[in-house]
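Worksheet: the structure to be examined is printed underneath.
The values are calculated or read from the model by the stated rules, or taken from the named source; none is laboratory data. In this text the structure is predicted, and so the values were computed from the model without any measurement. Here the Cβ positions follow ideal geometry from the backbone for every residue, glycine too, while neighbour counts run over all protein chains shown. Protein only, heavy atoms only, side chains kept; ligands, DNA and RNA dropped before computing areas. Shrake-Rupley method; radii C 1.70, N 1.55, O 1.52, S 1.80 Å.
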Amino acid sequence: MGNHLQKENSAKELILAFRRLIWSINFPIMIIKEEVRMFMMPKKQIGYLILILALFLAGCTLPASQTGGTASPSPGTPGLPPQGDVIAGLAVVETIDIMILESFPVQVQAVARGNLPDGCTTLDETMVERAGNLFRVTLTTQRPADAVCTDALVPFDHVIPLDVLGLPAGEYQVDVNGITGSFTLQVDNILPGDQPPASETPQETSGQSSISGGVWHDLCAIAGGEGGEPAVPSAGCVQIEGGGFQANGVREDNEPGLEDIEVSLGQGACPGSGFRTVRTDGQGRYQFSELPAGTYCVSIQADSLVNGPILIPGGWTAPEPDKAEVQVTLTDQQALSGIDFGWDYQFLPEPEAVQDESACTNKVAFVEDMTFPDDTTVSGGQEFEKIWKLRNDGTCTWNTAYALVFSDGDQMGAASPQALPGVVTPGDEVEAKIKFTAPAKAGTYRSEWLIRSAMGAEFGIGRNASSPFWVQIQVVESTADLGLGEPTFTDSFNNANRWFLVDSGNTRFTVEDGSLVMKSFSPGSFDEWGISNYGVASDFFIETTFRTGDECSGLDRYGLLLRSPDPNEGYVFAFSCDGRYRLYAWDGTYTGLVEWTSNSNIKRGPEATNKMGVLMEGRTIKLYANGTLLVELENQKFDSGSFGIFVASGNTPNFTAYADDLSLWELED
């Protein structure tokens, strides 16, 4: 331990020594920086050049005990020779800002910004010395000596408190690794009494926190709208009250960040009192780091001296329309991200040029239904997204000035018009997406759609390009329509008191952590079930929540045994891992009632949760998946009996499924 501390102290002494040397020849170094800038070298290379020169000069003047050895910094990491298992260096600082906090006595902070050379290098020590009216700050880095990292710059934003308590009024200079700034104390910064008054800044705590986010250009362009032509919004626009459009307040993949925007952080509830400001980087990102726990207000003033020339004219769309402040409360060591702001420029982006449609033709070709093919069953009130794959079969190029428009039938809550997502040249295909909400009442519903051109002409499929494409669904009965009330029996599987736990050579049931755990060891196995000791039920509705494990494919399956007069008889209702269902009767021989049938209401694959429901009333049997009716049939091979749960592996060794809860309603006559 003593040897490790000695190495650390030697590194710090070496850093301080050549920092003092740099300060002693500050004027020549600054001339070199200016000359280098004339050749338009990157800031990163300028910093490297200064550090190399400083190290060279330091090597000529430092004591021999601190300059021995030939170890060199790792590639891309300006700094000192390795010290033991780490490489010490100086942070490459590009800019500093001086913050004077609104309190008395006055508090002053320097905010240093720059880039670390790679993901392995981190900020290490911050050493502050004051000589008269000059604060000299050394910001060091460290990096594991044996680390292998990609050469990618990592920006940093580091707050450095300056001890100004007791200083007289005057101007003070701050030097952080060779980058300078200044501040002025208007009055003597001396307390009138022995105890300082309570500060208005957040109180220091054991952990430091951060706030980060981004500022982006929320894109929305409007074509037409003049001379009686319809206004056609691009993708990303939404209609506002009173007419007109604005950007939607949601950041899309193609929307760029806004650079050099000043973001303010206030202390306390919004609007808060002045605390700190930062500028966004080239990707529109910002971060306030090393914050004590407390309440803050993050805001942006669009018409400030800094932001006005960049933003005006336009308006905020996020976090709320025409509002650019967010109040947050930080706890110790919390990294709060996603505090984002969207800006919609009034005249940007420019709408795409409207082509002369008299010189080309518009026509759609239907390719395929990507989701919800005709007559898919859904529950009343269910939200769903229809996706058609369409081909541009004309000679006009489609762009975001083209839009999907409702034509006929049941609109089912869908917005119209909806702009196409991008450019579609003749012969190319596009996925057209519309979100719907199914009507509450059972029945067949059809919604028909066309495309509207930038000039307002509507067109579709077929020989004359006049026929619509459509979505057609079947709204079916759901469990909510049964009006069941409170269940007769429930089991949350906190214990195994109600169940026979299977433990055969191929199947094992256990109760663990509030679930019935069912494991089938060998693929191709038969359905094996465990029966509840609840007793005999005749007319009832039963519902169970099943969950699959981390492997689940093909005909791996699970489900319910129903109306079982003895352990080797009854109806068996199954869900498979590939999204199918089956019902059969078993009395020693197999009688298929509903063979394997796919249904989109059954969630597929591993770690999927499905609610399985069955209503049995006399001869009537209704099968449900996640509250939606799958099929209704008539059969009375078995009229009463016990119920159970089964599992079987079709493809996966050690296939595991879980039953998380079960409820049963006995139906009255």
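Just to be sure before I move on: is Val148 free of Cβ contacts under 8 Å to residues at least 40 places away in the same chain and β-branched (Val, Ile, Thr) in the structure I sent?
yes
So that you can scan it fast, the table gives a plain yes or no per residue for (1) β-branched (Val, Ile, Thr); (2) open to solvent by 60 Å² or more (accessible area, probe 1.4 Å):
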site	(1), (2)
Phe459	no, no
Thr479	yes, no
Asn495	no, yes
Val502	yes, no
Gly505	no, yes
Val511	yes, no
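Please go through (1) open to solvent by less than 60 Å² (accessible area, probe 1.4 Å); (2) touching a residue at least 12 places away in the same chain (Cβ under 8 Å); (3) over 15 Å from Gly559 (Cα atoms) for Glu666 and return the number of the only condition it doesn't satisfy.
(1)
Got a number for residues in the range 424-438 being open to solvent by 30 Å² or more (accessible area, probe 1.4 Å) and either in contact (Cβ under 8 Å) with a residue 40 or more places away in the chain or assigned to a strand (DSSP E or B) (or both)?
Of the residues in that region, 5 qualify.
Can we say Val298 is β-branched (Val, Ile, Thr) and either modelled with pLDDT under 90 or more than 20 Å from Ile211 (Cα to Cα) (or both)?
Criteria not met by Val298.
Quick check, is Gly249 at positive phi, in a loop (DSSP other than H, G, I, E, B) and open to solvent by less than 40 Å² (accessible area, probe 1.4 Å)?
Taking the combined requirement at face value, the residue satisfies it.
Which residue out of Val647, Val614 is surrounded by 14 or more Cβ atoms within 10 Å (Cβ to Cβ) and within 23 Å of Thr377 (Cα to Cα)?
Selected residue: Val614, the only one of Val647, Val614 that is surrounded by 14 or more Cβ atoms within 10 Å (Cβ to Cβ) and within 23 Å of Thr377 (Cα to Cα).
Give the residue that is most open to solvent (accessible area, probe 1.4 Å), with candidates limited to residues of the range 101-111 that are part of a strand (DSSP E or B) and over 13 Å from Val174 (Cα atoms).
Gln107
From the list Gln327, Gln301, which one is in a strand (DSSP E or B) and either open to solvent by 20 Å² or more (accessible area, probe 1.4 Å) or closer than 21 Å to Pro161 by Cβ (or both)?
Gln327 is the lone residue from the list that is in a strand (DSSP E or B) and either open to solvent by 20 Å² or more (accessible area, probe 1.4 Å) or closer than 21 Å to Pro161 by Cβ (or both).
Looking at (1) at pLDDT below 80; (2) within 15 Å of Phe341 (Cβ to Cβ), which is the only condition Asn248 fails?
Unmet condition: (1).
Within the group Asp356, Asp393, which residue is modelled with pLDDT under 95 and surrounded by fewer than 19 Cβ atoms within 10 Å (Cβ to Cβ)?
Selected residue: Asp356, the only one of Asp356, Asp393 that is modelled with pLDDT under 95 and surrounded by fewer than 19 Cβ atoms within 10 Å (Cβ to Cβ).
Report, ordered by the first and then the second residue, all pairs with beta carbons closer than 7 Å, sequence separation of six or more or different chains, a first member in the range 558-570 that is within 17 Å of Phe526 (Cβ to Cβ), and a second member that is open to solvent by 50 Å² or more (accessible area, probe 1.4 Å) and in a strand (DSSP E or B).
That search, which allows pairs on different chains as well, returns Glu569/Trp586; Gly570/Trp586.
Step by step: first the residues of the range 183-204, then only those that are assigned to a strand (DSSP E or B) and surrounded by 13 or more Cβ atoms within 10 Å (Cβ to Cβ), then the one that is modelled with the lowest pLDDT. Which residue is that?
Across the range 183-204, the extreme among qualifying residues is Leu185.
Only one residue in Gln382, Gln334 is polar (S, T, N, Q), surrounded by fewer than 18 Cβ atoms within 10 Å (Cβ to Cβ) and in contact (Cβ under 8 Å) with a residue 60 or more places away in the chain, so which one is that?
After ruling out the rest, the residue left standing is Gln334.
List every residue pair whose Cβ atoms sit under 6 Å apart, with the two residues 6 or more apart in sequence or on different chains, where the first one lies in the range 576-595 and is open to solvent by 40 Å² or more (accessible area, probe 1.4 Å) and the second, anywhere, is of a type in the set (Asp, Glu) and not in a strand (DSSP E or B).
Pairs that qualify, where the first residue is open to solvent by 40 Å² or more (accessible area, probe 1.4 Å) and the partner is of a type in the set (Asp, Glu) and not in a strand (DSSP E or B), are Asp587/Glu569.
Would you check which residues across the range 384-418 are touching a Lys or Arg at 6+ places or on another chain (Cβ under 7 Å) and at positive phi and list them?
Within the range 384-418, Gly409 is the sole residue that qualifies.
Report yes if Gln83 is of a type outside the set (A, V, I, L, M), more than 32 Å from the chain's Cα centre (by Cα) and modelled with pLDDT of 90 or more, otherwise no.
No; evaluated as a whole, the condition is false for this residue.
Can you tell me which of (1) acidic (Asp, Glu); (2) part of a strand (DSSP E or B); (3) exposed (fewer than 14 other Cβ atoms within 10 Å of the Cβ) is the one Asp550 doesn't meet?
Only one criterion in (1) acidic (Asp, Glu); (2) part of a strand (DSSP E or B); (3) exposed (fewer than 14 other Cβ atoms within 10 Å of the Cβ) is unmet by Asp550, namely (2).
Looking for whichever is aromatic (Phe, Trp, Tyr) and closer than 15 Å to Ile461 by Cα here; the options are Phe372, Phe406, Phe384, Phe436. Which one fits?
Phe406
Which numbered condition in (1) in a strand (DSSP E or B); (2) out of contact with any helix residue (DSSP H, G or I) (no Cβ under 7 Å at 6 or more places or on another chain); (3) of a type in the set (Gly, Ala, Ser) is the only one that Gly613 fails?
Result: Gly613 passes all but (2).
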